[in-house]
Amino acid sequence: MSEKQIDRQRLMTFLSDFGDRDIYVGVMKGVIAQLNPRLAVIDLTHQIPPQDIAAARFCLMNAYPYFPVGTVHLAVVDPGVGSKRRAIAVEFAQGFLVGPDNGIFSGVLSQSPAIAAVELTNLNYWRTSQPSNTFHGRDIFAPVAANLANGVPLKQLGQEIDPASLVKLDIAECKQTSNGVVGCIQYIDRFGNLASNIPASYVQGKTWYVQAAGLRIPGCKTYGDVNQGEILALVGSHGWVEIAINSGNARSKLQLDWQEPLQVVLT
């Protein structure tokens, strides 16, 4: 790679469900470094629950706005690895997405639609023409993402596909009612906070509470607005209404899970 190409290189982020016990993350970074040892790779998280595409979708959707335009986002949560699911790269206004076509990018693309997409069929940009059936992250996604970051045009990476054909994860949308909004839980973080699919815009400047698990949960501004161990609802830093417990775990206490319903009531 020429010095001119290095000067044009893009930033890369990396998200997966690989954890930090095994070598998978390190090996993928090694493949990237073989193509460009000077490329900056920022780990978003590798603690996505195994095979949890919905959690990966949420995390990537809430992370991408904080990176420069042109960033390459590599995301690998891939329970269908080795099957007929497509390996893809997508261009959108903020940069590029590389990973499996299983809905992992549908959150990002719901906010910033795809400009162009390709199926990764050009073996010249794979690590090997005979990739492992269980580790496309190493053999396809990592080298493709590195090449994109090095300035290789998207269209060279494979066959163009219709962005409308990309897989969308089936996440229920929130719906307005006569006195509020009905939604569901779309993500649960490591603290047990229950993030809903109701955006902050519905409650800003209003008095409100949440109905969930048979409880009336007060809408607050900070965790400290209630005593330790008490349940509250608030807008999280990600911009979505969430249920939490001050110094506690709302998931464990309320026994609520992904996609379970809740309602914001305006008063």
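About its Cα centre, what dipole magnitude does the chain give when the only charges are +1 on Lys and Arg Cβ and -1 on Asp and Glu Cβ, stated in debye to the nearest 20? Could the numbers behind the result be given before it?
On the way: 21 positive and 22 negative charges, 43 e Å.
Dipole magnitude for the chain comes out near 200 debye.
Fewest Cβ neighbours within 10 Å first, please rank 126, 258 accordingly. Numbers along the way, then the final one.
Details: 126 21, 258 18.
With the sparsest Cβ surroundings first, the list reads 258, 126.
Can you give the FRET efficiency to the nearest 0.05 for residue 177 and residue 51, using r as the Cβ-Cβ distance and R₀ = 41 Å?
Working: r = 34 Å, r/R0 = 0.83.
Plugging the Cβ-Cβ distance into 1/(1 + (r/R0)^6) gives 0.75.
Which order do 210, 182 fall in if you start with the one that has the fewest other Cβ atoms within 10 Å? Each step should come with its number before you reach the end.
Numbers: 210 28, 182 17.
Lowest to highest Cβ neighbour count: 182, 210.
Could you name the lysines whose alpha carbon sits less than 23 Å from that of residue 168, not counting residues in the same chain fewer than 8 places away?
Residue 168 reaches 84, 155.
List residues of the range 106-140, by number, whose backbone nitrogen lies under 13 Å from a label position 7 Å along Cα→C-beta of residue 165.
Label zone hits: 117-121.
Looking at the chain as a GNM with Cα springs under 10 Å, which of 29, 84, 221 has the largest mean-square fluctuation?
84
What is the percent of Cα-Cα separations in the chain that go past 25 Å?
Numbers: 17188 of 35511 pairs.
Taking all Cα-Cα pairs of the chain, the fraction more than 25 Å apart is 48 percent.
For the range 1-128, rounded, prolate or oblate, judged on the Cα gyration tensor with a ≥ b ≥ c (square roots of eigenvalues), a/c < 1.5 rounded, else prolate if a/b > b/c?
Working: a/c = 1.32, a/b = 1.15, b/c = 1.15.
Note, shape of the range 1-128 comes out rounded.
In whole Å, what is the distance between the alpha-carbon centres of the range 28-69 and the range 122-137?
What the calculation gives is 19 Å, centre to centre.
Return, ordered by residue number, the residues of the range 72-108 whose backbone nitrogen is under 16 Å from a label point located 7 Å along Cα→Cβ of residue 134.
Those under the cut-off are 78-83.
Each residue of the range 93-109 in turn: what ³J(HN,Hα) in whole Hz from Karplus with 6.51, -1.76, 1.60 and θ = phi - 60°, glycine and Pro shown as x?
Karplus-based 3J(HN,Hα) across the range 93-109 equals 4, 8, x, 9, 10, 10, x, x, 8, 10, x, 4, 9, 5, x, 4, 6 Hz.
Return the FRET efficiency for the residue pair residue 124, residue 43: r is the Cβ-Cβ distance, R0 is 25 Å, and the value is rounded to the nearest 0.05. Walk me through the intermediate numbers first.
Details: r = 28 Å, r/R0 = 1.10.
That gives a FRET efficiency of 0.35.
So what J values fall out for the range 166-175 if you push phi through Karplus, 6.51 cos²θ - 1.76 cosθ + 1.60 with θ = phi - 60°, rounded to Hz, Gly and Pro as x?
5, 5, 10, 6, 7, 9, 4, 8, 6, 9
Taking neighbour Cβ counts within 10 Å as the exposure measure, how do 48, 115 sort from fewest upward?
Values: 48 25, 115 12.
Ascending Cβ contact count within 10 Å gives the list 115, 48.
Straight-line reach from residue 29: which aspartates and glutamates have a Cα under 19 Å away, not including same-chain ones fewer than 8 places off?
Cross-link targets: 17, 20, 43, 78, 139.
Would you list the P(r) distribution for the range 71-160, with all Cα-Cα distances sorted into 5 Å bins from 0 and each bin expressed as a whole %?
Using 5 Å bins, I get a P(r) of 3, 16, 29, 28, 17, 6, 1, 0 for the range 71-160.
Any read-out appearing in this document is the output of simple, stated calculations on the displayed coordinates, not a laboratory observation. The structure displayed is predicted, hence computed values, not measured ones. Counting neighbours? That spans all protein chains shown, and the Cβs are built from the backbone with ideal geometry, glycine included.
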